[in-house]
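Have a look at the structure below before the remarks.
The values are calculated or read from the model by the stated rules, or taken from the named source; none is laboratory data. Keep in mind that what you see is a predicted model, and the values were worked out from it rather than measured. Neighbour counts are summed over all protein chains in view; Cβ atoms, including those assigned to glycine, are modelled from backbone coordinates with ideal geometry. To get the accessible areas, we keep the full protein, side chains included, count just its heavy atoms, and leave off ligands, DNA and RNA. Shrake-Rupley method; radii C 1.70, N 1.55, O 1.52, S 1.80 Å.
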Amino acid sequence: MQLFYNPNINENTTDFTFEREESKHIVKVLRKNIGDTLHITNGIGWLFTAEITIPNINKCTAKIVEKKIQKPKAYYLHLAVAPTKMNDRYEWFLEKATEIGVDSVTPIICDHSERKVIKAERFERILQSAMKQSLSCYLPKLNPVLSFQEFINQNFDDDLFIAHCEETDRKSLKQQLKPRTNTTILIGPEGDFSVKEIAKAIENNFIPVTLGKTRLRTETAAIVACHSVAYTNHL
């Protein structure tokens, strides 16, 4: 099954026209014709099955023949991850975390951050592509960039964790995670969180955790955290 994404389709839609680029892909590349089936999601859980009625390379039109909601996960994972020095590493994280099961991502600017600007539009495209590739009907939310202080000063109802490398009292993330729970995890930049930031996070009820015995890159640490939450919920 190949999945298409469009945020404008909803449960009341009966007929749908694809934009020019996707229409060309459907007709020219996939060689779809009248009566062929396509699958579309709006990124908020709905999966639509459609049959092509007009296979036009500029405006391919399809009729919705079935609609259903994909069952959501029993947990919600929010990762707050500092942008990496190299953009492609953050893009890799976004792609893999989407495949594994992240729900929300917030880029955070920290004391040791070398990159303070992100390519939001490109990141959105990465998330959309990974969602379609993994056949998920839920598009992770990419939040605006926030400073570390702005982020931790928010009101949270989640279980809160900060993963860092300082040799202080830290608990194992895997041992702290609980299934079917909303969870927020902070992952710092290449230079790790500052001592001041760690102390501030702890003051704001974030539990300091370790992800293992080795020092991990930012994007690797984020994936390990994401997988740990997913594994906890799939036992």
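Residues in segment 38-59 that are farther than 12 Å from S136 by Cα and exposed (fewer than 14 other Cβ atoms within 10 Å of the Cβ): I57, N58, K59. Scanning segment 140-195 for residues that are open to solvent by 80 Å² or more (accessible area, probe 1.4 Å), among the acidic types (D, E) and without any contact (Cβ under 8 Å) to a residue 60 or more places away in the chain turns up E150, D157, E167, D169. Hey, any hits in segment 207-223 for a residue that's closer than 20 Å to S104 by Cα, without any contact (Cβ under 8 Å) to a residue 40 or more places away in the chain and surrounded by fewer than 21 Cβ atoms within 10 Å (Cβ to Cβ)? For segment 207-223, residues closer than 20 Å to S104 by Cα, without any contact (Cβ under 8 Å) to a residue 40 or more places away in the chain and surrounded by fewer than 21 Cβ atoms within 10 Å (Cβ to Cβ): present. Residue count for segment 120-153 satisfying the condition of being among the aliphatic types (A, V, I, L, M), over 30 Å from A201 (Cα atoms) and touching an Asp or Glu at 6+ places or on another chain (Cβ under 6 Å): 1.
Filtering segment 21-37 to residues that are open to solvent by 60 Å² or more (accessible area, probe 1.4 Å), assigned to a helix (DSSP H, G or I) and of a type in the set (V, I, T) leaves only V29.
Of the residues making up segment 84-133, those that are free of Cβ contacts under 8 Å to residues at least 12 places away in the same chain and either open to solvent by less than 30 Å² (accessible area, probe 1.4 Å) or of a type in the set (D, E) (or both) are D88, E121.
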